[in-house]
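A short worksheet on the structure shown next.
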């Protein structure tokens with residue numbers, strides 16, 4: 001025997017029928033609180049202060065990063081070949 005029941009109702013009616021709470025007011029309050037906190041955080045951001053924090057002493061930090069990058073690449077570049085172009089792996 002097969003029994004099929006079709007119930008046509010809205011999500012709010014289904015929640016009420018199943019005894020589930022309506023969380024819409026809670027969600028609205030939480031969204032407003034989150035928006036207020038985000039506005040406070042963004043209002044306190046000063047682009048000039050952020051740049052001073054991210055790039056210490058002007059471009060000096062970038063130059064140091066670039067030097068470290070190139071020195072790291074320089075150590076890896078010479079490990080596989082000799083100056084004459086041959087392999088330094090002992091004839092393999």
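In the set (1) at pLDDT below 75; (2) not in a helix (DSSP H, G or I), residue 52 fails one condition alone, (2).
The single residue among 34, 20 that is assigned to a loop (DSSP other than H, G, I, E, B) and free of Cβ contacts under 8 Å to residues at least 60 places away in the same chain turns out to be 20.
The values are calculated or read from the model by the stated rules, or taken from the named source; none is laboratory data. The structure presented is a predicted model; accordingly, all values stated were derived computationally and were not measured. Reconstructed Cβ throughout: ideal geometry from the backbone, glycine too, with neighbour counts over all protein chains shown.
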